[in-house]
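Visitor: Okay, here's the structure, questions in a sec.
The values are calculated or read from the model by the stated rules, or taken from the named source; none is laboratory data. Since this is a predicted model, take the numbers as computed values, not measurements. A quick note on method: Cβ atoms are made from the backbone with ideal geometry, for glycine too, and the neighbour counts reach across all protein chains shown. SASA here: full protein model, heavy atoms, side chains in, ligands and nucleic acids out. Shrake-Rupley method; radii C 1.70, N 1.55, O 1.52, S 1.80 Å.
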Amino acid sequence: TNVLTTPATQPDDAVTDQVHADLANKGLLPSEHYLDAGYTDAQLLVDSPIQYGVDLIGPVQLDTSWQARAGAGFDVASFFIDWPAQQVTCPAGQTSTVWSHSQDAYGNPVIHVHFAADDCLGCPSRSRCTHSATGPRTLHLRPQALHEALQQARQRQQTPAFKTQYA
């Protein structure tokens with residue numbers, strides 16, 4: 001039995017890859033790895049099946065936006081993303097005008113999406129979309145593979161099958 005001890009300040013998900021590498025070296029990799037929320041993130045959901053053939057089973061962080069918490073707002077999952085065209089369509093049918101790449105405070109790639117102010121200001125669904133008095137709706141997306149893996153994991157963890165499997 002091996003124990004991996006890390007500093008308390010190190011996030012749990014920083015060691016998931018190392019755990020998989022150690023298990024692989026011993027021929028003990030499972031096809032499914034049950035983890036708590038501290039060990040799952042979008043990058044690991046994408047990389048673990050590719051690098052190790054391991055499906056991570058565990059809860060992922062929910063969308064914490066006010067739109068998602070309200071249950072009646074337009075959270076990111078409500079938008080249609082056309083990745084090849086680099087364009088997003090809102091639930092009211094408006095298309096984005098800006099798609100730009102940058103990095104977040106941790107150096108992770110992020111995509112900034114903006115809609116036209118003129119489209120958003122008169123929208124009858126505005127109160128479900130943004131609290132801004134004058135600004136348009138904006139979205140911050142992860143790259144496609146990460147975004148889709150996170151959305152799929154969020155959907156999966158809401159199913160009765162997941163709840164039974166993870167229990």
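Visitor: In the stretch 100-112, is there at least one residue being at pLDDT below 95 and either acidic (D, E) or in contact with a Phe, Trp or Tyr (Cβ under 8 Å, 6 or more places away or on another chain) (or both)?
Guide: Yes, because at least one residue in the stretch 100-112 is at pLDDT below 95 and either acidic (D, E) or in contact with a Phe, Trp or Tyr (Cβ under 8 Å, 6 or more places away or on another chain) (or both).
Visitor: Return the only residue of A24, A72 being under 29 Å from R126 (Cβ atoms) and either out of contact with any strand residue (DSSP E or B) (no Cβ under 6 Å at 6 or more places or on another chain) or part of a helix (DSSP H, G or I) (or both).
Guide: Among A24, A72, only A72 is under 29 Å from R126 (Cβ atoms) and either out of contact with any strand residue (DSSP E or B) (no Cβ under 6 Å at 6 or more places or on another chain) or part of a helix (DSSP H, G or I) (or both).
Visitor: So, of the residues in the stretch 121-154 that are of a type in the set (A, V, I, L, M, F, W, C) and open to solvent by 70 Å² or more (accessible area, probe 1.4 Å), which turns out to be nearest to S96 (Cα to Cα)? Can you show your working first?
Guide: Applying the first criterion (of a type in the set (A, V, I, L, M, F, W, C)) to the stretch 121-154 yields 121, 123, 129, 133, 139, 141, 145-146, 149-150, 153.
Among the residues that remain, those that are also open to solvent by 70 Å² or more (accessible area, probe 1.4 Å) are: 121, 133.
Details: L121: 14, A133: 19 Å.
Looking at residues that are of a type in the set (A, V, I, L, M, F, W, C) and open to solvent by 70 Å² or more (accessible area, probe 1.4 Å), I get L121.
Visitor: Which of the residues spanning the stretch 92-106 are open to solvent by less than 70 Å² (accessible area, probe 1.4 Å) and of a type in the set (A, V, I, L, M)?
Guide: A92, V98
Visitor: Suppose the filter is farther than 29 Å from L44 by Cα and β-branched (V, I, T); does T95 pass it?
Guide: yes
Visitor: Contact list please: Cβ distance under 7 Å, first residue in the stretch 34-45 and assigned to a helix (DSSP H, G or I), second residue open to solvent by 50 Å² or more (accessible area, probe 1.4 Å) and basic (K, R), pairs at least six apart or on different chains.
Guide: A42/R142
Visitor: Here's something else I'd like to know. Every residue in the stretch 33-69 that is open to solvent by 50 Å² or more (accessible area, probe 1.4 Å), in contact with a strand residue (DSSP E or B) (Cβ under 6 Å, 6 or more places away or on another chain) and of a type in the set (S, T, Y), please.
Guide: Y34
Visitor: Under the condition of being open to solvent by less than 40 Å² (accessible area, probe 1.4 Å) and within 20 Å of the chain's Cα centre (by Cα), which residue from the stretch 1-32 is modelled with the lowest pLDDT?
Guide: Our first condition is that a residue be open to solvent by less than 40 Å² (accessible area, probe 1.4 Å); within the stretch 1-32, this holds for 15-16, 20-21.
Remaining after also requiring within 20 Å of the chain's Cα centre (by Cα): 15-16.
Numbers: V15: 81, T16: 84.
Applying the filter and picking the extreme gives V15.
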